[in-house]
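Engineer: Following this message is one structure expressed as structure tokens.
The values are calculated or read from the model by the stated rules, or taken from the named source; none is laboratory data. Here the structure is a predicted model, which means the values were calculated and not measured. Here Cβ is always computed from backbone atoms with ideal geometry, including for glycine, and neighbour counts include all displayed protein chains.
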Amino acid sequence: MEKPGSMRTLGGGIEENILAILDSSEAKDTLDAFEDRIAFIEAVRAASIVAKNGTPPTYKMYEAIFSILRIGKSLELTMASFQLLNELDKRFPRVNSSDVDISNSSSSVPELIMVQEVWFPFVFSSENASSERGAANNSEGPVDSSGFQLLIQDLADATDEGNLRASETKSLANMLLFQYLVNVFEGDFRPRNSVYEDTMNWVVLRESLLNMLLVSRKVNYKSLMKDCLTIMCKLYQNCTGFTDDLICSENSAAQPAENFDTAAAISLLEVGKHTCIAMQKFLIMIMELDVSKKSAEMQGSTTRADGVRTPLVEIILDELTYNRDILSPFLQVHISFNRYPFFACGLPGFCIHI
């Protein structure tokens, strides 16, 4: 059910020329280094996105862009690398499902098309245990399962309003990194789940990035899900608080308080809102995976290697039952961001649709 795809990348000469922009300033943190990194990002965009017959960057170039995002030396560099990575993923998707011409054959089924030897921002695989160990020690490279949980823990700590404002650049960098990783999860999961629904071939979902993260022994699954729920609810509350502060600042005839940076607050507000939406999207994908896995279990397609985990809906209902502090913001999140329906049956008068 899987077909290998191919993707022509930028030639070696172009790669050398573009990467050379970074060589002289890679380890520096100066104005020249900043300008070199901006020039590198623009050179990649010109070659891969703007060019009529643009081709995807090479593995090394992807690594360099992702490293700029993870380091987060400045808001401008973080935003520029974040935007470029998302543009590249839209232009050059790693996974697709083939179109089926129903008129030609009633037995035709869609196939999963995967680009071979493509760069991913993740290292999730029992077969690549050594690679995961390397990723764990590299704060600039691909994210492994434990690194993803650490990112979520950092976001959970930062969602306290005081912490969020005290470390604006780091908080923004982590939120943008999370948004990008969720986009990668979605780009990998959606075509796989679509193929699974048509073929009932569990293997295509077993090998999804999302499933490999959740079955990893390096991840405390329940703790991860609870942190995600907390982040979503607290971010919504913080964004509401930032909006109130901005309104008060704009309406006040007096000078804004010294510790209130309007530009920073606006940036945090916008990135926070999109991170809240990304978290909602991430949790919904997990619930959809739970539904598909349950279907595969009923057909006997799963094995012991697939593991057993509590469905996310049950974890959410437990949290809403025993942690009433998050009930109100949880409901407000999904009223405000109703582009993603997120309701499930369980509590009296409370219904959660998947």
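Engineer: Checking Ser208 against (1) more than 16 Å from the chain's Cα centre (by Cα); (2) at pLDDT 95 or above; (3) small (Gly, Ala, Ser), which single condition isn't satisfied?
Structural biologist: Tallying (1) more than 16 Å from the chain's Cα centre (by Cα); (2) at pLDDT 95 or above; (3) small (Gly, Ala, Ser), Ser208 fails exactly one: (1).
Engineer: So how many residues does the stretch 268-322 have that are not in a helix (DSSP H, G or I) and not hydrophobic (A, V, I, L, M, F, W, C)?
Structural biologist: Qualifying residue count, the stretch 268-322: 9.
Engineer: I'm trying to understand the selection: among the residues of the stretch 21-45, which are at pLDDT 70 or above and either closer than 22 Å to Val115 by Cβ or exposed (fewer than 12 other Cβ atoms within 10 Å of the Cβ) (or both)?
Structural biologist: Of everything in the stretch 21-45, those that are at pLDDT 70 or above and either closer than 22 Å to Val115 by Cβ or exposed (fewer than 12 other Cβ atoms within 10 Å of the Cβ) (or both) turn out to be Thr30, Leu31, Asp32, Val44, Arg45.
Engineer: Something else about it: All but one of (1) surrounded by fewer than 17 Cβ atoms within 10 Å (Cβ to Cβ); (2) modelled with pLDDT under 75 hold for Ser194; which doesn't?
Structural biologist: That leaves (2) as the condition not met.
Engineer: Of the residues Asn183, Asn163, Asn137, Asn174, only one is at pLDDT 90 or above and surrounded by fewer than 21 Cβ atoms within 10 Å (Cβ to Cβ); which?
Structural biologist: Unique residue meeting the criteria: Asn183.
Engineer: Can you tell which of Asp144, Asp89 is acidic (Asp, Glu), surrounded by 20 or more Cβ atoms within 10 Å (Cβ to Cβ) and at pLDDT 95 or above?
Structural biologist: Exactly one residue qualifies, and that residue is Asp144.
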